[in-house]
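A short worksheet on the structure shown next.
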Amino acid sequence: MKLQQLRYIWEVAHHDLNVSATAQSLYTSQPGISKQIRLLEDELGVEIFSRSGKHLTRVTPGGEAILKTAGEVLRKVESIKQVAQEYCNEKKGSLSIATTHTQARYALPPTIKSFINRYPDVSLHMHQGTPMQISELAADGTVDFAIATEALELFSDLIMMPCYKWNRAIIVPKDHALAQLSELTLEDIALHPIVTYVFGFTGRSKLDEAFIEKGLAPKVVFTAADADVIKTYVRLGLGIGIVARMAYDEKLDSDLVALDASHLFKASVTKIGFRRGTFLRGFMFDFIEEFAPHLTKSVVEEAYQRHTKLELDDLFELIELPVY
């Protein structure tokens, strides 16, 4: 069994069983990959992939188990490389982050700018997706960090640490009826068509919970993953917008009004997570602390030692999170 063979089956599985696309991404030949997969299957005595003619059609049950272990082996190999690089050149390497549009557009820019100035020889890669996609990328080792509000808690392999609390604002044109009220109620909001986040994005669950508790059925006419898209459709008169408060820019959105809704919805918490067993290089600790100053190296190392969600919650119970 060769490490190269494990990488081939892992990459094929993550390229939708497309051997040609895998070969292109790995700068090798399609026949070479197919041959190595066959040799590995012959050695193990198990088919990893089912086939129809020359095409791979699905991962077999045995293949699923083999791929899971292969992923763990490849991550350990990557950790060994990270350890070596840390001692070879502590300020050179790469850092990959998966996050949502709201975090990438509004929360992360100061951190990214400061980090690049401090570590110009570290290549920084950002992936955007749904919270579920983000969590999966961190859980399978594709990225180093996941930053999101939803879905991270679904993955037990991730060590999740709270960064900050945030709440929502109601975005309306300046002449809108809601802008004339001294204080909003959920009943007021439910009278209007709503433009907001796709379910599963950016604290959407807290929004839905608030209406359900009041027995209200809001008319959500349009959803999007991108706060800027939501604001665009508010401008078109499609409805009132409900977005993260940080997504309102007083200069760029001067034609709109942001109405405070923090008294209507429970605050959400954005977290940063990484896979248990990940070797954190020095600049990775610095990135975390730059983004969330209370997450110092000693706190992160302590979180690393906690094994359950309850233990992690106990660690952060007394920490006062910043509010955005």
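The values are calculated or read from the model by the stated rules, or taken from the named source; none is laboratory data. Everything numeric here is computed off the predicted structure, so don't read it as measured data. Quick reminder, even Gly has a Cβ in these numbers, built from the backbone with ideal geometry, and neighbours come from all protein chains shown. Quick note on the areas: whole protein, heavy atoms, side chains included, nothing else; ligands and nucleic acids left out. Shrake-Rupley method; radii C 1.70, N 1.55, O 1.52, S 1.80 Å.
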Pick from segment 288-321, criterion modelled with pLDDT of 90 or more and in a loop (DSSP other than H, G, I, E, B), ranking: farthest from Ala244 (Cα to Cα)
Thr296
Within segment 73-119, how many residues turn out to be farther than 15 Å from Arg275 by Cα, in a helix (DSSP H, G or I) and among the hydrophobic types (A, V, I, L, M, F, W, C)?
9
Within segment 18-25, does at least one residue satisfy the condition of being surrounded by 14 or more Cβ atoms within 10 Å (Cβ to Cβ), modelled with pLDDT of 90 or more and outside any helix (DSSP H, G or I)?
yes
In segment 100-120, the residues that are at pLDDT 95 or above, open to solvent by less than 50 Å² (accessible area, probe 1.4 Å) and among the β-branched types (Val, Ile, Thr):
Thr111, Ile112
Filter segment 44-64 for residues that are open to solvent by 60 Å² or more (accessible area, probe 1.4 Å) and in a helix (DSSP H, G or I); the one that is nearest to Val12 (Cα to Cα) is Glu64
Evaluate the following for Phe316: is it open to solvent by less than 70 Å² (accessible area, probe 1.4 Å), over 19 Å from Ile171 (Cβ atoms) and touching a residue at least 24 places away in the same chain (Cβ under 8 Å)?
yes
Of everything in segment 236-260, what is more than 29 Å from Leu312 (Cβ to Cβ) and among the small types (Gly, Ala, Ser)? Give them in sequence order.
Gly237, Gly239, Gly241, Ser254, Ala258
Quick check: anything in segment 281-302 open to solvent by less than 70 Å² (accessible area, probe 1.4 Å), over 25 Å from Lys113 (Cα atoms) and among the basic types (Lys, Arg)?
no
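Regarding segment 176-195, can at least one residue be identified that is open to solvent by less than 20 Å² (accessible area, probe 1.4 Å) and assigned to a strand (DSSP E or B)? Walk me through how you get there before you give the answer.
Just the residues of segment 176-195 that are open to solvent by less than 20 Å² (accessible area, probe 1.4 Å), to begin with: 178, 184, 186, 189, 194-195.
Of the ones still in play, those that are also assigned to a strand (DSSP E or B) are 194-195.
Yes: segment 176-195 contains one or more residues that are open to solvent by less than 20 Å² (accessible area, probe 1.4 Å) and assigned to a strand (DSSP E or B).
Any chance segment 168-175 includes a residue that's open to solvent by 20 Å² or more (accessible area, probe 1.4 Å), outside any strand (DSSP E or B) and without any contact (Cβ under 8 Å) to a residue 60 or more places away in the chain? Show your work before the answer.
Step one: list which residues in segment 168-175 are open to solvent by 20 Å² or more (accessible area, probe 1.4 Å), which gives 173-175.
Still in the running and outside any strand (DSSP E or B): 174-175.
Retained after the next criterion (residues that are without any contact (Cβ under 8 Å) to a residue 60 or more places away in the chain): 175.
Yes, there is a match, as at least one residue in segment 168-175 is open to solvent by 20 Å² or more (accessible area, probe 1.4 Å), outside any strand (DSSP E or B) and without any contact (Cβ under 8 Å) to a residue 60 or more places away in the chain.
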Out of (1) surrounded by fewer than 19 Cβ atoms within 10 Å (Cβ to Cβ); (2) at pLDDT 90 or above; (3) not in a helix (DSSP H, G or I), the odd one out for Phe199 is which?
(2)
